[in-house]
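A quick write-up on the structure given underneath.
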Amino acid sequence: MIDTNILVYILQGNPLVRYFAQEEILVISCISEMETLGKFQISEVEKEIVTRLLRHCNIIDINNPIKQLAIKIRQNARLKLPDAIVAATAIHHKLTLVTADKDFKNIPDLDLLLIKMEK
């Protein structure tokens, strides 16, 4: 399962995430869908590009077990609510979370693939 930042890097054509861009179907949380489409003042062109990429995504919605797990994660870690939902989604569905966000490193039971992005 890929995090929002990996989606953004794919859209930017970043070579460090080229492997994920070649996948036929990407798995994301509905949070990542909302974050990419909900960009402030997104242009119609950007919206179309994001929408085309999202057509190649299996988007996982939030259900009650994910909500309960996100609550537990928030109670035990300093994590923003959207990130807690993304982590809970990955844990609940037994998926590896691919991200460039180091904030996920201290989440117990989260199978994490942390991509180090060059600056």
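Read-outs throughout are calculated quantities, based only on the coordinates presented, and are distinct from any laboratory measurement. From a predicted model like this one, the values you see are computed outputs, not experimental measurements. Cβ: placed from backbone, ideal geometry, glycine included. Neighbour counts: every protein chain shown.
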Candidate set from segment 24-36 (those that are under 13 Å from N5 (Cα atoms) and not β-branched (V, I, T)); member that is surrounded by the fewest Cβ atoms within 10 Å (Cβ to Cβ): M34
Boolean, A70 is part of a helix (DSSP H, G or I) and either touching a residue at least 60 places away in the same chain (Cβ under 8 Å) or closer than 15 Å to T4 by Cα (or both): no
Lone unmet requirement of (1) of a type outside the set (S, T, Y); (2) more than 17 Å from I107 (Cβ to Cβ); (3) over 13 Å from the mean Cα position of the chain (by Cα) for K67: (2)
Complete set of residues in segment 90-109 that are touching a residue at least 60 places away in the same chain (Cβ under 8 Å) and part of a loop (DSSP other than H, G, I, E, B): H93, L95, T96, A100, D101
Check on I59, assigned to a strand (DSSP E or B) and either among the polar types (S, T, N, Q) or surrounded by 12 or more Cβ atoms within 10 Å (Cβ to Cβ) (or both): yes
Residue match in segment 18-39 (condition: among the small types (G, A, S) and touching a residue at least 60 places away in the same chain (Cβ under 8 Å)): yes
Residue match in segment 38-46 (condition: in a helix (DSSP H, G or I), surrounded by fewer than 20 Cβ atoms within 10 Å (Cβ to Cβ) and polar (S, T, N, Q)): no
Yes/no for L53 being surrounded by 13 or more Cβ atoms within 10 Å (Cβ to Cβ), among the hydrophobic types (A, V, I, L, M, F, W, C) and part of a helix (DSSP H, G or I): yes
Residue count for segment 18-37, restricted to those that are outside any helix (DSSP H, G or I), more than 21 Å from A88 (Cα to Cα) and either within 12 Å of the chain's Cα centre (by Cα) or among the charged types (D, E, K, R) (or both): 2
